[in-house]
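See below for the structure under consideration.
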Amino acid sequence: MTIDKQKAALSSVFAAVFLTTMKIVVGLFTGSLGILSEALHSGLDLCAAAITFFAVKVSDKPADSKHHYGHGKIESFSALIETVLLFITCGWIIYEAVEKLFFGKGAELIGVQWGVLTMIISIIVDVSRVKVLKKAAKEHGSQALEADALHFSSDVWSSSVVIVGLIFVGIGDYFNIPVLKYADPIAALGVALLVIKVSFKLGKETIDVLLDTAPKGMKEIIEKEVSKISGILQVADIRIRPSGAIKYIDVNVGIDPNQSHKAVHSIVHEIRERISEKVERCDIMVSTFPLNRRAELTDLNINLTLEEIVSQIPDCSNIHNIHVYDLEGKKNITAHIELTENLTLRESHELSHLISNRIQQAMQGIDNVNLYFECAEEVVLTKDITESRSEIVASICETVSKINEDVDCHEIKLYSKGDKISTFLHCGVMGDFTVDKLEVISRTIKNELRKNVNRLENVHIHFEPLEENR
């Protein structure tokens, strides 16, 4: 049976009024400081319950001309106020505990039976309210009701502490065991710390909603589901905006421009269905744009497309060593992708399938995609050692001149990284060399330098034309 959240909030107000009044009367009658502290606690609960009732009543209002996304965030604001009240309550409990522990403030035991009875009644009422509020909060996704349930839960803990404290202090007085008088303040400190911990969690969740922070992992879940839908060539953007119990989700996808209106409508409908299955209480806006995947598959187009796809994957930092093999009109692609996270085999396998599917959706004529993952290198501080290692500079010049007399090596730089050395050199080339011939020269220079120079790890060469009259 569904619980009406306004009725749940209103019943909490009545419960808080009853408990606050009862504790004030009994606290004044018995002179128990613990019960009077509980009266203050319940008074704060009353304020919180009243705020909650107002919040859930306003949050149910539909969107209007000024509030296009409804009034759901009033619940988050209410929860934030209640969290502050919880911290105030904990501050009071800690203050009283310190007074009793270090300043000799003793417990009053006048009419203790009435105090214990009052706390038992309080616990019974609080437990019933927590059960109802938690159920309503879960059914409606209400942060305000969740915060109210937390208030009444803390009341149960603190009331239990008062009972235990009164009993232990009474036992200590009866059997003349002075140390037992500290049981009440020590237990109260424990409860205060527990409530503070829970309040921090609730406060963080509330602030996240107020700042439109997307729920962790939700974007990835949606992206994975949408990518599986046939006809979607690219998932360009996903935005999530929580407001109260509702998650407003905007999805922008690329679709073949030759798709019929009926087919696009069907794709949009499937997007909404798949997201609704994964995310409860969501409002989904889907926008589409034409994406032509029938362009000629030149190496440049393929490289740009791969770089764009990989840039949209959070765990990927770079793609390189892209090779395209044309086999009877079908293209096979291999590439190396650097990862920012050290993924497991299962995770990297799933990521490989995700990227491969996106590549094949974005470009026709792709028969197979083979991806190799490697960890991205961390940035390591390097040191310029060009001046201090002039013998290596001379060795590099001599080695290059022996390889090809038409190559003039200059502007040589040496950098050390740990026990490894990297070199950057400019090579002026005489004559009109094509790129493939320069690549052969580059490979030869690198191999010879690594043979002749100890600890040389990386060789970076920049070729430039050299005037013949030089």
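Results, tabulated for the structure shown:
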| quantity | calculated |
| --- | --- |
| Matching option when the condition is over 30 Å from Ser348 (Cβ atoms), under 48 Å from the mean Cα position of the chain (by Cα), surrounded by fewer than 16 Cβ atoms within 10 Å (Cβ to Cβ) and not assigned by TED's automatic domain parsing to the domain that holds Leu345, among Leu425, Leu449, Leu438 | Leu438 |
| When residues of the range 321-347 are limited to those that are assigned to a strand (DSSP E or B) and hydroxyl-bearing (Ser, Thr, Tyr), the one modelled with the highest pLDDT | Thr334 |
| Cβ pairs under 6 Å, 6+ apart, first in the range 92-105 and crowded, with 17+ Cβ neighbours inside 10 Å and at pLDDT below 80, second in a helix (DSSP H, G or I) and polar (S, T, N, Q) | Glu96/Ser37 |
| Candidate set from the range 207-244 (those that are more than 30 Å from Ile366 (Cα to Cα) and in contact with a Phe, Trp or Tyr (Cβ under 8 Å, 6 or more places away or on another chain)); member that is modelled with the highest pLDDT | Ile240 |
| Leading residue by the ranking (farthest from the chain's Cα centre (by Cα)) among those in the range 181-206 that are modelled with pLDDT of 70 or more and more than 22 Å from Ile123 (Cβ to Cβ) | Tyr182 |
| Test for Ser416: is it farther than 30 Å from Lys331 by Cα, at pLDDT 85 or above, within 48 Å of the chain's Cα centre (by Cα) and surrounded by fewer than 15 Cβ atoms within 10 Å (Cβ to Cβ) | no |
| Residues of the range 106-127 classified as of a type in the set (A, V, I, L, M, F, W, C) and modelled with pLDDT under 70, total | 5 |
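Let's see how each residue does on (1) touching a helix residue (DSSP H, G or I) at 6+ places or on another chain (Cβ under 8 Å); (2) small (Gly, Ala, Ser); (3) under 30 Å from Ile81 (Cβ atoms):
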site: Ala214; (1), (2), (3): no, yes, yes
site: Ser227; (1), (2), (3): yes, yes, no
site: Ala236; (1), (2), (3): no, yes, no
site: Ile240; (1), (2), (3): yes, no, yes
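The values are calculated or read from the model by the stated rules, or taken from the named source; none is laboratory data. All values derive from a computational prediction rather than experimental measurement. Backbone-built Cβ (ideal geometry, glycine too); neighbour counts: all protein chains shown.
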